[in-house]
Structures are given as structure tokens and as C-alpha cells.
Amino acid sequence: MNNFFDKLRIMDGGTGQQLINKGLEPEGNLWSATALLYEKYNRLIFDTHLEFIDAGAEVILTNTFGARKRRLLENNLIDKYKSMNELACEIAKKAVLKSNKKVLIAGSLPPQNFTYQADLGDDLSFISNAFMEQASFLYKNIDFFYLDVMCSKLECEIAINSIKKFDKEFVIGLHIKEKGLLPSGENFFDVAKELVNYNPMAITASCISDIDYEFIEKDISKLPLPYGFKFNAFEQIPEGWKPDGNNTSLLGRRKEMTPDKFLEVCTKYSSLGAKLVGGCCEITPKHISKLKILKNNI
């Protein structure tokens, strides 16, 4: 499977935001994980995965971004930690089976502290153990891990070292705050070059705008492994904002990022060498369906 991304592959879009668009009412700071907590919402996850697959996604991410240890502790749900993550895998597998298509499942491993920030807190052992524990619930039922929206080299290294024992391939998703810099202030390409030494399947720019990608498009093509992106359609991420509550509306939605515009920017960057092409928050199955044109033109 190590050469899976040697040719263009379509990834899914923003599962969490799509769940909200479909009627999920997030509880506490669980965000998309609310759909795992309550059986009445389980069908929404299944339907969302299937919609992305039907739209052409060849890789779907498990709905585990909100099912991280810290959030479950804060909501007094640590007893559901294992079952919620395992359920996410079960639903993803059912969607793939229903589709009767060749689709890989990526186990989404999110930041184990706050999202979009490099702050890992004072207890790095908590971060390491949380990565390892969540990975232990996923690894048997996924094809590879996706380190989702990583914000520093240190965070990536902790995650990679924490999942070594599972002998599972992985893709690294690095987030960009501005002008080609991670939230840590580190240069995207400098970090990516060093992470190549850990032998990931690929490296992506994770949950960024196409405008952010402009700052790295020339450098990322120099990486000696497959690369790509999962674009979002948010207007902006306010300074200090922590997506740990029900305040996603504060981010806004870029109305100009229509499915046709999404196809335009994905076409541009895939023609320059990107092999992993997909979306994140506010990128819907309608956006992903446009990417079939890319596949047909290969």
C-alpha cells in the first residue's frame, strides 16, 4: 500500500461540518463526536461517509476528530472513549461495504490538546499517551493513520512515536497558520523535509485555504514523496480561537469557494504534482464530486 498515492487520489471533505449541515446538534465541546455519543445520529455519519464515497472519494477519514481524550474527560465521558472511537471505525467500514467500491479508511488522529494551536500543555506524557490510546482503538479497522491538522514538528514526532507499536502506515497532515508557517512559527517545508525521515506515505497541507497553499506550492513539490492538500472553505480562524465548543459559525464560510471554484484550484495544484486532493471543513460532497473530472482527465 506504500505506493497508493503514487497517482492522484481523491480524499473526502469536511465530515464534521457536513454532519452539522445535516442536522447534528453538537453537545458541549464534542463537536462531531456528538454523533457517536447518541445512536439517533449514527445514521448521519454513515450517510455522510457514503455521500463522499458516491461523490468519488477514494479515502474517507474516521469521524474521530472530536473523540480525543481531553474532550471526553472534560465532558465526563472517558468511559465512552474506547466505544466511541471503535464505533466510528465500524460505521466507516459499513459505509465502504455498502458502497461496494475500493475505498481506504484513514484513522483520523487529531491534536490531543487544542486544534489550530501549537500549545501542547505542560504534560507531554498526556499528549503521547492520548495519541497511543486513541490509535489503539482504531488501528485494527483502518488502512492507515492520518495525523490530522498537526501544528508543530514536536506534535508530529510525539504522534509518530506513539503509534509505532501498531506497525501501521500513516500520512502527516500539517496545518498552516499564515504565509507558509505552522502555528508553531516553523516553516512548513522545513518541518516536512525532516518528517520525511519517518517514512510517511505522504504529507499534506491539512485544513488550510487554497490561499495558504500558494505560499508552499513550489517548495512542497520538492518533497521526495507524495504530497497534497485538504482545503477548507472557512473565511478565517480568529486569533486564539479554540474549536472546542459550538462556535464554528464564528469562522464564517467563503461563499466564493463553490464546487466549481474548488475544482479550479484542485485542478491547478494537481497539474503541478499534488497527488492527495480533498477537502476539510465546509467542503461538501458536491465539491468532491467535481473532482471526478480530474480523474477522468488522467
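The values are calculated or read from the model by the stated rules, or taken from the named source; none is laboratory data. Only a predicted model underlies this, so the values are computations on that prediction, with no experimental measurement involved. When we count neighbours, we look across all protein chains shown, and the Cβ atoms used for this are built from the backbone with ideal geometry, even at glycine.
All of (1) of a type outside the set (Ser, Thr, Tyr); (2) modelled with pLDDT of 95 or more; (3) surrounded by 22 or more Cβ atoms within 10 Å (Cβ to Cβ); (4) under 26 Å from His287 (Cβ atoms) hold for Phe46 with one exception: (3).
Report, by residue number, each residue of the stretch 177-198 that is of a type in the set (A, V, I, L, M) and within 14 Å of Glu157 (Cβ to Cβ). Can you show your working first?
Let us first name the residues in the stretch 177-198 that are of a type in the set (A, V, I, L, M), namely 181-182, 191-192, 195-196.
Once the filter is applied, which keeps residues that are of a type in the set (A, V, I, L, M) and within 14 Å of Glu157 (Cβ to Cβ), the stretch 177-198 yields Leu182, Val191, Ala192, Leu195, Val196.
Scanning the stretch 100-114 turns up no residue that is touching a helix residue (DSSP H, G or I) at 6+ places or on another chain (Cβ under 8 Å) and either farther than 26 Å from Asn232 by Cα or aromatic (Phe, Trp, Tyr) (or both).
Quick check on this structure: which one of Glu194, Glu133 is farther than 18 Å from Thr64 by Cα and among the acidic types (Asp, Glu)? It is Glu194.
Of everything in the stretch 253-281 that is among the hydrophobic types (A, V, I, L, M, F, W, C), touching a strand residue (DSSP E or B) at 6+ places or on another chain (Cβ under 7 Å) and not in a helix (DSSP H, G or I), the residue that is surrounded by the most Cβ atoms within 10 Å (Cβ to Cβ) is Cys280. Among all residue pairs at least 6 apart or on different chains, which show Cβ distances below 7 Å where the first residue, located in the stretch 60-73, is touching a residue at least 60 places away in the same chain (Cβ under 8 Å) and surrounded by fewer than 24 Cβ atoms within 10 Å (Cβ to Cβ) and the second is part of a loop (DSSP other than H, G, I, E, B) and among the hydrophobic types (A, V, I, L, M, F, W, C)? Final answer for the pair search is Arg71/Leu30.
Of all residues in the stretch 52-78, those being under 17 Å from Gly16 (Cα atoms) and either part of a loop (DSSP other than H, G, I, E, B) or of a type in the set (Lys, Arg) (or both) number 9. Say whether the condition of being surrounded by fewer than 16 Cβ atoms within 10 Å (Cβ to Cβ) and in a loop (DSSP other than H, G, I, E, B) is met by at least one residue in the stretch 147-157. No; the residues of the stretch 147-157 include none that is surrounded by fewer than 16 Cβ atoms within 10 Å (Cβ to Cβ) and in a loop (DSSP other than H, G, I, E, B).
For the stretch 98-114, check the following and say yes or no: at least one residue is part of a helix (DSSP H, G or I), among the basic types (Lys, Arg) and closer than 24 Å to Ile10 by Cα.
At the first step, the residues of the stretch 98-114 found to be part of a helix (DSSP H, G or I) are 98-99.
If we keep only those that are among the basic types (Lys, Arg) too, we end up with 98.
Then keep just the ones that are closer than 24 Å to Ile10 by Cα; that gives 98.
Looking for residues that are part of a helix (DSSP H, G or I), among the basic types (Lys, Arg) and closer than 24 Å to Ile10 by Cα, one finds at least one in the stretch 98-114, hence yes.
Quick one: count up the residues across the stretch 171-193 that are closer than 21 Å to Gln117 by Cβ, of a type in the set (D, E, K, R) and in a helix (DSSP H, G or I). Of the residues in that region, 1 qualify.
If the condition is being at positive phi and either touching a Cys at 6+ places or on another chain (Cβ under 9 Å) or assigned to a loop (DSSP other than H, G, I, E, B) (or both), then the stretch 2-51 contributes Gly23, Gly28.
Residues Lys168, Lys164, Lys230: which one is outside any loop (DSSP other than H, G, I, E, B), crowded, with 16+ Cβ neighbours inside 10 Å and among the basic types (Lys, Arg)? Before the answer, list the steps.
On the way: Lys168 fails: outside any loop (DSSP other than H, G, I, E, B); Lys164 fails: crowded, with 16+ Cβ neighbours inside 10 Å.
So the residue among Lys168, Lys164, Lys230 that is outside any loop (DSSP other than H, G, I, E, B), crowded, with 16+ Cβ neighbours inside 10 Å and among the basic types (Lys, Arg) is Lys230.
Scanning the stretch 118-134 for residues that are within 18 Å of the chain's Cα centre (by Cα) and either closer than 14 Å to Gly107 by Cα or not in a helix (DSSP H, G or I) (or both) yields Ala118, Phe131, Met132, Gln134. Are any residues in the stretch 22-32 in contact with a Ser or Thr (Cβ under 9 Å, 6 or more places away or on another chain) and either buried (at least 19 other Cβ atoms within 10 Å of the Cβ) or under 21 Å from Cys266 (Cβ atoms) (or both), and if so, which ones? Scanning the stretch 22-32 gives Leu24, Pro26, Trp31, Ser32.
Yes or no: the stretch 34-55 includes at least one residue that is more than 17 Å from the chain's Cα centre (by Cα) and among the polar types (S, T, N, Q). Yes, the stretch 34-55 contains at least one residue that is more than 17 Å from the chain's Cα centre (by Cα) and among the polar types (S, T, N, Q).
Looking at Gly185, Gly121, can you tell me which residue is surrounded by fewer than 17 Cβ atoms within 10 Å (Cβ to Cβ) and in contact (Cβ under 8 Å) with a residue 60 or more places away in the chain? Before you say what the answer is, go through the steps one by one.
Numbers: Gly121 fails: in contact (Cβ under 8 Å) with a residue 60 or more places away in the chain.
Criteria check complete, one pass: Gly185.
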